[in-house]
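Asker: Shown below is the structure under consideration.
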Amino acid sequence: MSNLLEVNDVSKKYGSYTALDNVSLQIPKGSIFGLLGPNGAGKTSLIRIINQITYPDRGTVLFDGKPLNPEHIARIGYLPEERGLYKSMKVGEQALYLARLKGLSSGEARERLRYWFDRLEIGDWWNKKIQELSKGMAQKIQFVVTVLHRPSLLIFDEPFSGFDPINANLIKDEILHLRDQGATVIFSTHRMESVEELCDDIALINKSKKLLEGRLVDIKKQYRSNTFEVGLDVPDRTAIRAEIAQKFRVADASFKSLSDEVKLRIHLPDDHAPNDLLAYLVNLGVVTHFVEVIPSVNDIFIRTVKDSDDE
Amino acid sequence: MMNKLPLIIKREYLAKVRNRSFIVMTILSPLLFVGMAALVFFLTKANNDDVKVIAVLNEGQFFEDSFRNTAALSYVSFEGMPLEIAKDSARHEAYYGLLYIPDGADIEQVTGNVEFFCRESPGIGILSAMEGVISNKIREVKLRDFGVPDQVMRELGSGYRINVENFSGEKKLRGINEIKAIIGGAFGYLIMMFIIIYGAFVMRSVIEEKTSRIIEVIISSVKPFQLMLGKIIGTSLAGITQFLIWTVSAGVLGMILAGVLGISTDELGPHTVSPEAAEAVNGMSDGIRENLQPYIAELLKISWGWLLFSFIVYFVLGYLIYSSIYAAIGAAVDNETDTQQFMFPVITPLMLAIYVGFFSVFNNPHGPIAVAFSLFPLTSPIVMLMRLPGGIGEGGVPVWQFITSVVLLVATFLFIVWIAARIYRVGILMYGKKPGYKEIYRWLRYS
């Protein structure tokens, strides 16, 4: 079984509002899975179902091949978007309490807390109250209690919102580290730049429906448009530009370069290979730049959401 | 899963007990309470110590020495003075007032013209004291006019009380119902106070979890129902702890205070109380002791074990019903100011129970109103407890009423907790909304 989590045709309604409409997902073991979608798309509803906070109206969720049951709760670590800690409780006590609610024994929890507090350099906070800590410090604690019970599935809902850049980086590294140790991570966000960096697989949800799912590279391939950015060093730029524009669909491009060349974005028809274009360009002048335009997750996201909204 | 409940209870208990304002309240309340009691005691005493002086200008023959001094009233005779001068001197001497009894041919004419002059409108107690003296005199004079001998008149003066027995011939004591209702009322009042104080604690604690946004972290580990239950149990254990501390410390403080006051009255005693008065007091207390004996016996006959058992049943069920409503309210709102619209319907039955209890159950513990309110589950924990000291079965609460009341209470408990848990489950994840009743009704139907 290569999928840790399988969501099959899950639907969920709140009164007359449909939060999820026949959503299916396959989340491979040991991957970082990006669950993308605009606000209100249904991400949090899906995550709450996986956490057994709510239950689907229809459909099933399999965890490690078995239907979700209460024992799985101890194998999931969840960092919700709306998160916080008891303000007047001491750091150590609070972390112990939350760890024990996840089924750890007191001794085990203490030992692991010591490890994590050392690792994140927060050792001397044990007896401080949360309200005495800065926001960044509280966020570290929040992260620790999420991962403390070594869950095989980690769910981060907008993990970087509210984190300062230093902590965000720290947490990013820790997430990668946990993935390398074998954890599966679901990473829900509408911030695309972090998805590019972290995710192996993504799914896109909009208006309660899944629009897109698969390996990030595959999706990018699917969305490539045979477009290239080129730089061409020639004496008469206007004439050359006009000549190329007669043969291909072109747009002006901008990228950093040392010489003052023609910068174009050229869209090739489907029956043209990149080499044909390159051969053609080489005849015209000195090619200083030749790069395929890879769609960013952001582009894909915006295009897919727009297309589905237009329907 | 269920082993998480003790963890939650422990956290809620410790969070409550360690709370600074909780500690302050626990320590200060008995001091305040005993202090208030002492203050009231001293104020009442000071108030009673203030003897009112009333001048009496008696011009006729009927009221020569009818006005005798009492603890609160002292009469000064202005006999022979003209009315205007008497008024002046009464005002100058700062007497409470001047009672003017003119001369007349017969008692009716005299009493018809009696007047009382005073600075301010007189206290009702003082007026009725004087009226009592005058109406006694009228009776006496009239009876004498009819030729009733003195001996008969004295006998007429003796009071009369009906002997009350139940049908099986047992002697019943008048007023015992009121005393029993007061005992029950104390239990009922205790339940109400407990619900209002600690129900609000439950509510605040739910709101705190919502505003600090820890709630979703917690319920990804435990069922919302477990959390709600743990919160209610933990908070009530903290409440019981506080109540125990209050009871014990108020008891100790009260005893100390009573000791101090006891010594001080002894010191005052010999100097101020005349020997005859002391004797009278002794005689009286003998009488009281004699009269009290059957009451004490009757009170001892109340099956306290049974009463305590019912108290626990009604307390636990009543508290659980109300505190789960409080928890649901806390879950539905984002901050405490939004709770107002929901609080009124919660407080109303409690208040109704207490007032109905005090005004209706005291007079008629088994009347239709008392029965209705002791069956209705939202008021029965308080009202039934006021009726129960009368016993169960003959002469007390009929068995069917007791059973019906408990069954209704249990059914309501299950129903309300089910409803509250559903509201709670949805509400704790709703942020930034101020739901109305309609919205909450919709939550009930979410799966």
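Asker: Test each condition in (1) within 13 Å of another protein chain (Cβ to nearest Cβ); (2) in contact with a His (Cβ under 8 Å, 6 or more places away or on another chain) for residue A:12 and report the one that comes out false.
Answerer: (2)
Asker: Additional query: Identify all residues within segment B:94-118 that are loosely packed, with under 13 Cβ neighbours inside 10 Å and farther than 26 Å from residue B:141 by Cα; write none if there are none.
Answerer: B:94 - this is the single residue of segment B:94-118 that is loosely packed, with under 13 Cβ neighbours inside 10 Å and farther than 26 Å from residue B:141 by Cα.
Asker: Tally time: how many residues in segment A:1-39 are in a loop (DSSP other than H, G, I, E, B) and open to solvent by 40 Å² or more (accessible area, probe 1.4 Å)?
Answerer: Residues meeting the conditions: 6.
Asker: Which of the residues spanning segment B:205-216 are surrounded by fewer than 23 Cβ atoms within 10 Å (Cβ to Cβ) and facing chain A (nearest Cβ under 7 Å)?
Answerer: Once the filter is applied, which keeps residues that are surrounded by fewer than 23 Cβ atoms within 10 Å (Cβ to Cβ) and facing chain A (nearest Cβ under 7 Å), segment B:205-216 yields B:212, B:213.
Asker: Would you point out which residue out of B:52, B:10, B:16 is on the phi < 0 side of the Ramachandran plot, open to solvent by less than 70 Å² (accessible area, probe 1.4 Å) and within 14 Å of chain A (Cβ to nearest Cβ)?
Answerer: So the residue among B:52, B:10, B:16 that is on the phi < 0 side of the Ramachandran plot, open to solvent by less than 70 Å² (accessible area, probe 1.4 Å) and within 14 Å of chain A (Cβ to nearest Cβ) is B:16.
Asker: Here is a check on your reading of the model: is residue A:197 at pLDDT below 85, out of contact with any Asp or Glu (no Cβ under 9 Å at 6 or more places or on another chain) and more than 14 Å from chain B (Cβ to nearest Cβ)?
Answerer: Spelling it out, residue A:197 is indeed at pLDDT below 85, out of contact with any Asp or Glu (no Cβ under 9 Å at 6 or more places or on another chain) and more than 14 Å from chain B (Cβ to nearest Cβ).
Asker: Please go through segment A:77-103 and give me each residue that is open to solvent by 60 Å² or more (accessible area, probe 1.4 Å) and at the interface with another protein chain (Cβ under 7 Å from one of its Cβ atoms), ordered by number.
Answerer: Of everything in segment A:77-103, those that are open to solvent by 60 Å² or more (accessible area, probe 1.4 Å) and at the interface with another protein chain (Cβ under 7 Å from one of its Cβ atoms) turn out to be A:82, A:87, A:100.
Asker: Scan segment A:149-162 and give yes if some residue there is at pLDDT below 90, over 22 Å from residue A:95 (Cα atoms), in contact with a Leu (Cβ under 9 Å, 6 or more places away or on another chain) and not aromatic (Phe, Trp, Tyr), otherwise no.
Answerer: No, segment A:149-162 contains no residue that is at pLDDT below 90, over 22 Å from residue A:95 (Cα atoms), in contact with a Leu (Cβ under 9 Å, 6 or more places away or on another chain) and not aromatic (Phe, Trp, Tyr).
Asker: For residues in segment B:57-80 being hydroxyl-bearing (Ser, Thr, Tyr) and modelled with pLDDT of 80 or more, which is surrounded by the fewest Cβ atoms within 10 Å (Cβ to Cβ)?
Answerer: Result: B:77.
Asker: Ok, one more. What are the residues in segment B:368-390 that are small (Gly, Ala, Ser) and open to solvent by less than 20 Å² (accessible area, probe 1.4 Å), if any?
Answerer: B:370, B:374, B:380
Asker: Follow-up question, since we're still on this one. Filter segment B:7-40 down to residues that are of a type in the set (S, T, N, Q) and at pLDDT 85 or above and give me whichever is nearest to residue A:103 (Cα to Cα).
Answerer: B:19
Asker: Those residues that are buried (at least 21 other Cβ atoms within 10 Å of the Cβ) and under 27 Å from residue B:344 (Cβ atoms), I need them from segment B:357-367; list them, please.
Answerer: Selection gives B:357, B:361.
Asker: Collect the residues in segment A:104-123 that are part of a helix (DSSP H, G or I) and either within 14 Å of chain B (Cβ to nearest Cβ) or in contact with a Ser or Thr (Cβ under 8 Å, 6 or more places away or on another chain) (or both), keeping them in residue-number order.
Answerer: A:106, A:109
Asker: Starting from residues that are at pLDDT 90 or above and of a type in the set (Gly, Ala, Ser), keep the ones in segment A:107-128 and report whichever is surrounded by the most Cβ atoms within 10 Å (Cβ to Cβ).
Answerer: Of everything passing the filter in segment A:107-128, A:109 is surrounded by the most Cβ atoms within 10 Å (Cβ to Cβ).
The values are calculated or read from the model by the stated rules, or taken from the named source; none is laboratory data. Because the structure is predicted, anything quoted here is derived from the model rather than measured. Every residue, glycine among them, receives a Cβ derived from its backbone with ideal geometry; neighbour counts consider all protein chains shown. Note: areas computed on protein heavy atoms with side chains; ligands, DNA, RNA excluded. Shrake-Rupley method; radii C 1.70, N 1.55, O 1.52, S 1.80 Å.
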